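The values are calculated or read from the model by the stated rules, or taken from the named source; none is laboratory data. Treat the numbers as computed from the prediction; the structure is a model and nothing was measured. All Cβ positions, even for glycine, are placed from backbone atoms using ideal geometry, and neighbour counts span all protein chains on display.
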Amino acid sequence: MKKLLFIIFISLNIILITKCEETEEEPVMNKNDVDNETSKYYIAAVLEFNAPGDEYNVPEQIIDANLKEYIKWIFRAKEHNVDILVFSEASLNYNGLNKRDDLIEFAIELPEEISDDNYGCDYTSNFILNELSEAVSNASIYVLVNIVEKRNESDDDDNDVSLFNTNIVFDRNGCIVSRYRKFNLFIEPNINRTKESELSFFETDFGVTFGHFICFDILFKAPAYDLINLNISHFLYPSMWFSEVPFLTSIQIQQHYAYRNNIVLLSSGTNSPSNSNTGSGIFIGKHGAVESIISYINESKMIVAKVPKDVNDSEYCPEKPTIKPYTSIEMDRLKLWSNLPKSALTYSLNEGSIIHENGLECEFSIDFTRLSDEEQNEHEEDDNNMERYGYRLIAFNGIRNYANISNGGEIYCAIVACINESDPMTCGMRFQNSEKLVPSVLFHSIKIKATIDENESSSFLIMPTTLDFSIRPLSVDDFEFSVDEKEENVQMYNIEATNELSEIFTFGIFGRNFERDHLQITEDNVEMIASTMRINDEYENIEEIEEVHKIKEAIRGQGDPNVYLTVAIYVPLMILLCITAAILVRRRLREPYEHPLIILRRKSEMPQLS
């Protein structure tokens, strides 16, 4: 019965949701702005891409709509003298094709070895590749596209097919010069994984070597960190990221990853905010974001920027951002995942604390003022309904679970906002209505130090992590991050606020311990496992998330026919019951209830007709 009510509730909600109006903005840089300094810079474009194919159910219509939109944006990039353009993950011939048979039919077959003369740049055997190649050649730019690729594993069995989530890169002539197959899959049951990770990179005619990987890969050693260790400093990064507070929202991890590794990250995200998918930007090492977007509405936006070939170019001055960030009130409408380990140590906010957690030492030095009601609301007439985050100090060095897909070692020392400061279980959760949200603490200074005994330094990736109320990372001007070697195999990581802060959701140090990624859950380490997942407190586990996806597919006429039949039967029944109940209530209001005995008595007292 509980599952039935859950299905009915979700179905009605999905039916009643109105799709936000899709908006489209022009790229942010004019051609005349980028014609000079070609020897030191190149022009890059990334796309926050809302796939028009999401409006269709038929695979041919989905792909046709997406492909036409791709070609439109390729020529839009040409108008702005772009050298290299990045499209997002799963937004061409993947998302919306929910059956493996459909994916196989429309997947693209490529040779095992990619080189200019594989086809002689002739892709007439595949209409998707042919259309893209012609458009890229006419635009004369480098373009990364994410596709579903297929590989026949047996000459004797047509059904023995592997499917891969694959990046392909076209050069200016429309020839495929690089391929990468995603290694770290995330809720992709129809996609196969290669036996070993691939290290994919290519050289351009403007003197820059690019590496590329996909979405969830950014959290793992292979291939992303391995490519960085090859001294590659420019990366193309398509994603369909599921943002998770307090540490793993999209542009939060993208900006801080680029900052920590001092790399250029050209990030293109699929835009589907109702599924928590959004986040794109151009990030330049310690310079931070040239431009970035995280959105709550269905929209496509192109970000165009002049990028230094040398990430350490001291003369580089980023362009002023032109995309206005959304407010925290607007961002309330973005669905977010939430995860904080149950076993993480949390302490009340105070000026000086040292927390020891499983070989990790977190030292907090904080100068802050709790804002009085008068200071908080000097411009507010009514304080009764105001919302205020409290803060707690969080320390964790253990293993967490990623959506029941894989385990990963995580490390953090951070200040995190909590709905109820006295309840650690509310830390990392958001208020539903930011319109009534006011700051509760003014941080005059924050210094956080994480000391880790690193037996194998290559197994760790430690970076800053920040987030404000509008789900955006702080500017790189608001903090400093440094690494010191205390003694052999002991590293100290430091983050310090450089300005007073008040509207912070997360501030601290976040890290990955790759050595723990493949540890199994046992009685010895079960206390270190963090597997709690929330999406705006609506769904408590991945099974419910998958149930929601099944219901959505059923309403669109896709997916499991049994779920479709269930929805088709129970939704009309529920609507009929609601109508019947409304009629009965209306009648009851017009004719108040009387006990049957009273009715009989009244009738007996009525005069009889002779």
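Need the failing condition index for Glu361 against (1) in contact (Cβ under 8 Å) with a residue 12 or more places away in the chain; (2) within 23 Å of Asn81 (Cα to Cα), just the number.
All conditions are met except number (2).
Give Ile114, Ile71, Ile147 a once-over and let me know the one that is among the hydrophobic types (A, V, I, L, M, F, W, C) and at pLDDT below 95.
Unique residue meeting the criteria: Ile114.
Determine which member of the set Glu291, Glu330 is in contact (Cβ under 8 Å) with a residue 12 or more places away in the chain and crowded, with 19+ Cβ neighbours inside 10 Å.
Only one candidate qualifies: Glu291.
Is one or more of the residues making up segment 48-59 within 26 Å of Lys309 (Cα to Cα), modelled with pLDDT under 50 and not aromatic (Phe, Trp, Tyr)?
no
Do we find a residue being over 30 Å from Ala222 (Cα atoms), modelled with pLDDT under 90, among the acidic types (Asp, Glu) and surrounded by fewer than 16 Cβ atoms within 10 Å (Cβ to Cβ) anywhere in segment 383-402?
yes
Just need a number here: residues in segment 203-226 that are buried (at least 20 other Cβ atoms within 10 Å of the Cβ) and over 24 Å from Glu188 (Cα atoms).
2
Take the residues of segment 158-183 that are in contact with a Ser or Thr (Cβ under 8 Å, 6 or more places away or on another chain) and among the hydroxyl-bearing types (Ser, Thr, Tyr): which is farthest from Ile84 (Cα to Cα)?
Out of the qualifying residues, it is Tyr180.
Is it fair to say Glu319 is part of a loop (DSSP other than H, G, I, E, B) and either outside the structural domain of Tyr259 (by TED's automatic domain parsing) or over 27 Å from the mean Cα position of the chain (by Cα) (or both)?
So Glu319 fails the test.
Do we have any residue at all in segment 166-176 that's part of a strand (DSSP E or B) and surrounded by fewer than 18 Cβ atoms within 10 Å (Cβ to Cβ)?
Scanning segment 166-176, I find no residue that is part of a strand (DSSP E or B) and surrounded by fewer than 18 Cβ atoms within 10 Å (Cβ to Cβ), so the answer is no.
Listed here are the residues, each with its yes/no results for (1) over 24 Å from His212 (Cα atoms); (2) crowded, with 21+ Cβ neighbours inside 10 Å.
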| position | (1), (2) |
| --- | --- |
| Ser91 | no, yes |
| Leu103 | no, no |
| Glu112 | no, no |
| Asn130 | no, no |
| Val136 | no, yes |
| Asn146 | no, yes |
| Asn152 | yes, no |
